[in-house]
Structures are given as structure tokens and as C-alpha cells.
Amino acid sequence: MRPIRVLTVLTFYHPHWTGLTAHATRIAEGLASRGHGVTVLTTRHSPELPPREAIRGVDVIRLRPVARLSRGWLTPSLPSNVYRLAGDHDVVHFHTPLLEAPLVAALGRMRGRPVVMTHQGDLVMPAGLVNQAIEAVGTALLSAGGHLATVVSPLNDDYARESTFLRRFADKQAPILPPVEMPEPVNDEVARWRSELGLEGRRLIGFAGRFVEEKGFDYLLRAVPELVATVPGAHLVYAGEHEMVYESFYERCKPLLDASRPHLTFVGLIREQARLANFYAMCDVFALPSRTDCFASVQIEAMLCGTPVVATDIPGARVPVSTTGMGRLVRPRDPRALAAGLREVLDDPSSYVRPREEIRAAFDPVESIDAYERLLVTLARRP
């Protein structure tokens, strides 16, 4: 296959680590490993990061932002750089949410390049006039970007069907599952970590992600009293930066956090994949109580480490459990239903566990990279 040149644009890239950046990083590095030229244009979100560097075959260019707006950055130099670089590449590929989505798409088309928009979830903000205004403006920008894009690629068919935002692009959708990688856990290290945390003999319920309203950690906290009353030794373990300022959600959850302190352990943000695998393996069950979530790769990561999942039955988020049967789906926004689902899995975890090979076959990262490669190469060769 003749190599092509791909310009990828997104707000955050390595070493920033969320599900979105992990997805984008794996695609970029997967394409680069196959001989394609990949340039990532992103923000220099931390001043200690170099403006430009090569990371595993990917040319990463970081632009200095001038101000933060909710979850994004304002980067005035982005448009001129997109215009310049698009002319040197065959395809422009951007990941949403991205404030500059319509600009990136328009500039790519202006340079005569096909544009792919990987949509990683509709913009959903908390209540409040300011947040709702941000959501309305952000959604309008994403919509403009989607209309200008050649192809819109959601993360799965389920979310694509149910999202009112995505329905407007039904004629040019190409859903592709995200490539998910996770090393096997090391049992001795898992046992040692449990011991160091003083959690031996506890029934551990894991959670990993950003401390934002849409992830629904408050529902898990509200489920604690019933879990403690019905599951001996029930204990929550949170991996992530829980005190980061995201829409003041942490402050609003303070009463729930204070009430749950005896049954809650924070292990911080885990960047190393080997340690993250040990975290999942340390947990007896993984919880995903999201209000909205287009997929949540953490579920696949947990399953690959032998840990069943209890997730809310919402579009996109339900795909891993419904595909593999490795866990339970529960009513969204319902702490009692969440507690009941967790208790059912904890009562008989072995009946929910599936072999690692089975999970990998259902969500094969190589097939995901294959699909992106086919899409991008086909577009690059189209007159």
C-alpha cells in the first residue's frame, strides 16, 4: 500500500492522557508504524513541553495557546498552521470536541484535501446558563465542522444511531471502534499494591476517568450506603485527578465524598499502562455510571485485565458489555440500580469473566487501525 501523509489536529496529545488522546495517539502511531507520514498539530498545554518532537514515528507540533475556555484552549496560530500543513499532506483528520472544528475542516477543503472528523462524543455540559451557552456554541461549531468534513467517523454504530447530533451526518458516516491496547497485569504486583493500600480482604469497586458530571461518579458515591450494607468489605478505588477543576463538579460532590471517605481510596492519575493494568486487575468489578458516554475504552481495558464491568445502559457506553457479556447493564442515573448491579457481579464474578482472547477478538486494535488506514488511503487517492 502506497504511503500517504496524514495531518491530525486535536486539542490535547501525548503526554496528556484521556480516552480521547489515547485513541488519537494509537491511530497516529499505528499509521506511522505502517510507513505513513503522520503529523499531529496540537496545543502546547504545558510550558515544559517542546514545541516540536518526534514520538514513535509521529511528528508532533505544539502551538502555544493564549487562554482556556471550559475544556478547550484558544490557539490563535492554529488556522495559519493548518492551512500551511494541509498543503503538504494528503488527508486532514481532526478529533472532536475541537473549538476550531469548522476552521480546520474549511481550511482542509480550501487546500483541496479530504477531511475526516472523528467524533468522540456529543458536547454535554452541566446545568447553568454559562455552561448551556458553551454547549450551544460548541455544538454549533461541531455541527459546522461535520457539515464541512468529507467523512464523519463515530466510535460505534450504537452511538451513531442514537445521537441526535450525528443523525444529520447519516449519509457520510463511517463508524470505527477505537483501538484499545492493555498489557496483561502482573499478579504479584497486584497483590503487593493491595497490601500497600491496606485493602486486603476488601471487595474493590474500581473507577477511572475525569472527575466530571457526565461520568456520573456522584451516582457511585450515592450507591455507597447500600453497597456497604449489603456487600461486606465493599470499597471504592478511584484512579484519576479527582481535584482537577472541571465545572466545579468536585466541589459539588464534597458532601458525598466526605460521607464516603472510610470506603474510598484515591490512587491518583495512572499514566503507565503496566500499572493501569494492575489497577484494573486489583479491582473485583469496574463501574461506569456515566450520564452520557459514547464508548469509554476503560471498559475494554478492564475486561482485558479480567475484571467485569457494570455500566449504565446508555447509547455507546453499553456496547462493550452487550458485545462481550462480561458484566451487567443497569438503569442510568439510578444509584440503587447501580448498587444492585455491582452486588450481583460481586456475588458471582466468575460467571461474568470472559477469556482475554475473546475480548481482544471482539475489540481488535489491529482491525481498528486497518479500518482507519482503508478510510484515509481511499480518501487520499480519490480525485
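Just checking, how many residues over the range 183-212 are in a helix (DSSP H, G or I) and farther than 30 Å from Pro365 by Cβ? First the steps, then the outcome.
Let us first name the residues in the range 183-212 that are in a helix (DSSP H, G or I), namely 187-196.
Filter once more, keeping what is farther than 30 Å from Pro365 by Cβ: 195-196.
Qualifying residue count for the region: 2.
Tell me which residues, restricted to the range 254-287, are closer than 28 Å to Leu69 by Cβ, in contact (Cβ under 8 Å) with a residue 40 or more places away in the chain and either surrounded by 18 or more Cβ atoms within 10 Å (Cβ to Cβ) or among the charged types (D, E, K, R) (or both).
Passing the criteria: only Arg271.
Could you please let me know if Leu99 is touching a residue at least 12 places away in the same chain (Cβ under 8 Å), surrounded by 22 or more Cβ atoms within 10 Å (Cβ to Cβ) and either closer than 27 Å to Arg26 by Cα or assigned by TED's automatic domain parsing to the domain that holds Pro76 (or both)?
In short, yes.
Which one of Val116, Val40 is of a type outside the set (D, E, K, R), touching a residue at least 60 places away in the same chain (Cβ under 8 Å) and within 17 Å of Leu7 (Cβ to Cβ)?
None of the others qualify; the one that does is Val116.
What helices (runs of 4 or more DSSP H) lie completely within the range 295-360 and have 3 or more residues being modelled with pLDDT of 95 or more, surrounded by fewer than 24 Cβ atoms within 10 Å (Cβ to Cβ) and under 21 Å from the mean Cα position of the chain (by Cα)?
319-324
Which ranges mark the strands (runs of 3 or more DSSP E) fully within the range 1-114 that have 1 or more residues being at pLDDT 95 or above and farther than 26 Å from Thr139 by Cα?
Those strands (runs of 3 or more DSSP E) span 5-9, 37-43, 52-55, 58-63.
Taking Gly121 and the conditions (1) on the phi < 0 side of the Ramachandran plot; (2) of a type in the set (Gly, Ala, Ser); (3) buried (at least 20 other Cβ atoms within 10 Å of the Cβ), which numbered condition does it fall short on, given that it satisfies the others?
The one condition Gly121 does not meet is (1).
When you go through Tyr219, Tyr250, Tyr238 one by one, which is the residue that is under 25 Å from the mean Cα position of the chain (by Cα), among the aromatic types (Phe, Trp, Tyr), surrounded by fewer than 19 Cβ atoms within 10 Å (Cβ to Cβ) and over 30 Å from Gly145 (Cα atoms)?
The unique qualifying residue is Tyr250.
The values are calculated or read from the model by the stated rules, or taken from the named source; none is laboratory data. Because the structure is a prediction, the values reported are computed rather than measured. Virtual Cβ from ideal backbone geometry, glycine too; neighbours counted across all protein chains shown.
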